[in-house]
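The values are calculated or read from the model by the stated rules, or taken from the named source; none is laboratory data. Quick caveat, the model's predicted, so the values are computed rather than measured. When we count neighbours, we look across all protein chains shown, and the Cβ atoms used for this are built from the backbone with ideal geometry, even at glycine. Ligands, DNA and RNA are stripped out before the accessible areas are found, and what is left, the full protein with its side chains, is counted by its heavy atoms. Shrake-Rupley method; radii C 1.70, N 1.55, O 1.52, S 1.80 Å.
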Amino acid sequence: MATSRRLEKLLDYLRPHWKKTFWGIFSLLIVNAVGVYIPLLIRNGVDELQVAIKFDQILYYSLLILGLASILWVIRMGSRILLFGVGRQVEFDLKQKIFNHLLTLEPSYFADNTVGDLINRATSDVENIRRLVGFAVLSLANTAFAYALTLPVMLAINIRLTLLVIGVYPLMLVLVQLFSDKLRFQQLAVQEELSNLSDLIQEDMSGISLIKIYGQENNERQAFRAANQELLKANLGLAKTRNLLFPVLGGLASLSLLVLLSLGAGAIASGEISIGDFVALLLFVERLVFPTALLGFTITAYQRGEVSIDRIESILTVEPKIQDSINAIELPKPIKGWLRSQNLTYTYPDAKTPALKNVNFTIKPGETVAIVGPIGSGKSTLANALPRLLDIGIDQLFLDGKDITQLRLGDLRGAIAYVPQESFLFSTTIQKNIAYGNILAEQPDIENAAKQAQIYHEILNFPQQYQTIVGERGITLSGGQRQRMALARALLVDAPVLILDDALSSVDNQTATDILKNLATGTERKTVIFISHQMSAAATADRIFVMEKGEIIQIGTHGELLQEKGLYQSLWNQQKLEDLLR
């Protein structure tokens, strides 16, 4: 991203808080104006005291300077509070904006971008921008005002001495420019290595059980040490550059004082300047030394901010591939749950062969359909396509006769309850996990959903029953309990279409069969799509779709398909053989 573009983004971040930013910068202008006036008062006092020493004059100047210094301190503190407050507000806004934007992106984005890296961008990079709009803006504004107000006054006192004193400053600007790109690249390297380390920590904490089962603690320690070593290397490289640049900048800034001290005595002796002028020039040069020496730290904050702007904007500029079309329509009520596929074809990005190929079917409202087939046959891809978790083409999938790509996403997903293969639970109570899709649900409704999912009696045996904390990702529960908890969550939503994507794989065949039978009865039957490798449970469905290599190759009831020679018969016989061998 070009520098001008980064500055535009920086202004965009600051725009909502322009009033505080303006008053913070204006306060710095006042601070620097007062800061220029105080040395002039001292000059006048020194020159007057050369003529005649009067106690009342000394007291007058002392009290006036003390009063102005106190006012200056108060205003300076106010400016810091305002500008640092703006930095904190920008930090808050960016974190909120990043989180809100991530929620709009499709699951495939998170498969391509690691969680650790996204967390690092939302924390470390946002913090760098906070420093940029807080410390760096304050420092740059202060430096600009210091030079703009101080130099004219110094030139008015003595042009020759002023030009000689500031003659070293252009060298500082050249030095800063030479180191600018190197600092940016080194800062980028630090941020990337920090993301890699965050990825490793997040992954290891999530897979800690696997690490212990396979006794890989030592390997993981070595992997962490290697990643940590790379981060240390990047940090040391950045520190080396900074430690080379900053002392040189400070030394050049201090050199101006030596120039003035060496030439000032001769100028006083020749009558070119007065002693008061010399004192004022010393104070003015001292005023410029600090912001100039601070320039190195300001540059580092700016370089960090520039790198972080690029990294954050790389998230915010990603357009969701799946979103409401311009002319998105409302799904007519009542929703029947009639599903139809017409030559549905889908190929994953970078894949050579389609995951779904010319898939055609019609599922009637209230019908229970089981989808079976070998691993990789396209079952889960079809399940993800129905609620439009995949970016499928137009005129391929229809709900109640409406093309799902033309429906409002909120309506479409509100009509479909989907239980994926991995039953994710939040680190909160059982009650809140079940009620996640319907947070206003009453306790009797939550319990009824638990009964339908065959998890009710097990919940009653937990220490705190529905108030039991399930732990991160439901770690305190068995696989079957997590799956039935996720099913209860979907049932509580009471959507007309229910998709179970191998969602009962950890549940025994009898329980899975009982759950399906319960779903197939009642006055308000749902349209149920049951994807499973449990053939005995799938056999209870109204119809069965058999998939292979992305295509539906057989459709029929359990009895009909057993009469056909084909994949279904092979899968059924294989399971029967496995049951006998157990």
Exercise. Select from the range 269-323 the residues that are among the β-branched types (Val, Ile, Thr) and over 30 Å from residue 117 (Cα atoms) and write down the one among them that is most open to solvent (accessible area, probe 1.4 Å).
Key: 275
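Considering every residue within the range 469-484, establish whether at least one is modelled with pLDDT of 85 or more, touching a helix residue (DSSP H, G or I) at 6+ places or on another chain (Cβ under 9 Å), part of a strand (DSSP E or B) and not polar (S, T, N, Q).
Scanning the range 469-484, I find no residue that is modelled with pLDDT of 85 or more, touching a helix residue (DSSP H, G or I) at 6+ places or on another chain (Cβ under 9 Å), part of a strand (DSSP E or B) and not polar (S, T, N, Q), so the answer is no.
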Self-check item: Residue match in the range 447-462 (condition: assigned to a helix (DSSP H, G or I), among the polar types (S, T, N, Q) and within 30 Å of residue 536 (Cβ to Cβ))
Solution: yes
Exercise. Using the structure shown, decide if residue 311 is within 30 Å of residue 135 (Cα to Cα), modelled with pLDDT under 80 and part of a helix (DSSP H, G or I).
Key: no
Quiz item: Is it true that some residue in the range 421-435 is closer than 30 Å to residue 571 by Cα, at pLDDT below 85 and aliphatic (A, V, I, L, M)?
Solution: no
Quiz prompt | Count - residues of the range 520-534 that are modelled with pLDDT under 80 and crowded, with 18+ Cβ neighbours inside 10 Å | solution = 1
Exercise. Determine if the range 551-564 includes at least one residue that is of a type in the set (Asp, Glu), open to solvent by 40 Å² or more (accessible area, probe 1.4 Å), in contact (Cβ under 8 Å) with a residue 12 or more places away in the chain and touching a Ser or Thr at 6+ places or on another chain (Cβ under 7 Å).
Key: no
Quiz item: When you go through 237, 266 one by one, which is the residue that is open to solvent by 10 Å² or more (accessible area, probe 1.4 Å), at pLDDT 75 or above and closer than 30 Å to residue 90 by Cα?
Solution: 237
Exercise. Could you run through the range 149-179 and say how many residues are surrounded by fewer than 16 Cβ atoms within 10 Å (Cβ to Cβ) and within 30 Å of residue 124 (Cβ to Cβ)?
Key: 3
Practice problem: Can you tell me which residue among 454, 443, 464 is surrounded by 14 or more Cβ atoms within 10 Å (Cβ to Cβ) and of a type in the set (S, T, N, Q)? | Solution: 454
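Could you tell me how many of the residues in the range 342-382 are among the polar types (S, T, N, Q) and over 36 Å from the mean Cα position of the chain (by Cα)?
Summing the residues that are among the polar types (S, T, N, Q) and over 36 Å from the mean Cα position of the chain (by Cα) in the range 342-382 gives 6.
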Practice problem: Would you mind listing the helices (runs of 4 or more DSSP H) fully within the range 21-121 where at least 1 residues are aromatic (Phe, Trp, Tyr), open to solvent by 40 Å² or more (accessible area, probe 1.4 Å) and modelled with pLDDT under 85? | Solution: 55-102, 107-112
Quiz item: Within the range 329-336, is there a residue that is of a type outside the set (D, E, K, R), in a loop (DSSP other than H, G, I, E, B) and either within 29 Å of the chain's Cα centre (by Cα) or loosely packed, with under 14 Cβ neighbours inside 10 Å (or both)?
Solution: yes
Quiz item: In the set 289, 279, 259, which member is in contact with a helix residue (DSSP H, G or I) (Cβ under 9 Å, 6 or more places away or on another chain), at pLDDT 75 or above and closer than 20 Å to residue 172 by Cβ?
Solution: 259
Quiz prompt | Filter result for residue 65 (aliphatic (A, V, I, L, M) and under 38 Å from the mean Cα position of the chain (by Cα)) | solution = no
Self-check item: Conditions (1) at pLDDT 75 or above; (2) buried (at least 16 other Cβ atoms within 10 Å of the Cβ); number of the one not met by residue 221
Solution: (2)
Quiz item: Restricting to the range 346-367, what's the tally of residues that are surrounded by fewer than 19 Cβ atoms within 10 Å (Cβ to Cβ) and either part of a loop (DSSP other than H, G, I, E, B) or in contact (Cβ under 8 Å) with a residue 60 or more places away in the chain (or both)?
Solution: 15
Self-check item: Selection from the range 252-263 of residues that are surrounded by 13 or more Cβ atoms within 10 Å (Cβ to Cβ) and of a type in the set (Gly, Ala, Ser)
Solution: 253, 254, 256
